[in-house]
């Protein structure tokens, strides 16, 4: 089953580096890195200088960096993908995924 999203809060920021769709975004306008705070997720690709919508609160879709179980705490990996993790966890997995590259639904509470 394809996960669905239910976004509650969307805002914009200016990309300060190229951004890949469905990845976590940091407060600095770049794809988030491992163990760093996450601002939200962008559903679209962006080039440096582009204004990009960022989904900050709600159930969002994020590209996974590995297998994730439903209910697991989720954090960013070095490429801005969702991985199971406690450090700087940004939300909880609402759907599961078996491997990297799949879309996983994540509940971001803001």
#### Entry: Whole-number percent relative contact order across the chain, with pairs defined as alpha carbons under 8 Å at least 6 apart
27
#### Entry: Backbone N within the stretch 49-75 under 19 Å of label point (7 Å from residue 96 Cα along the Cβ vector)
62-75
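Which percent, to the nearest 5, of DSSP beta bridges fully inside the stretch 6-108 are antiparallel?
Numbers: 29 of 30 bridges.
Roughly 95 percent of the DSSP beta bridges within the stretch 6-108 come out antiparallel.
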#### Entry: Fraction in percent of alpha-carbon pairs per bin - 10 Å, the chain
18, 54, 26, 2
### Task
Return the distance in nm (one decimal) between the two label points of a simple spin-label model at residue 28 and residue 9, each offset 7 Å from Cα along Cα→Cβ.
2.3
#### Entry: Alpha-carbon radius of gyration plus Dmax, which is the widest Cα pair, for the stretch 6-68 in Å
10.8, 33
### Estimated inter-spin distance, residue 17 and residue 109, nm [label 7 Å along Cα→Cβ]
2.9
### Message
Could you tell me the center-to-center distance, by alpha carbons, between the stretch 96-110 and the stretch 69-91 in angstrom?
### Response
8
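Just so you know, all these numbers are worked out from the coordinates, no wet-lab data involved. Please read all numbers here as calculations on a predicted model, not as lab measurements. FYI the Cβ positions are ideal-geometry reconstructions off the backbone, even for glycines, and counts take in every protein chain you see.
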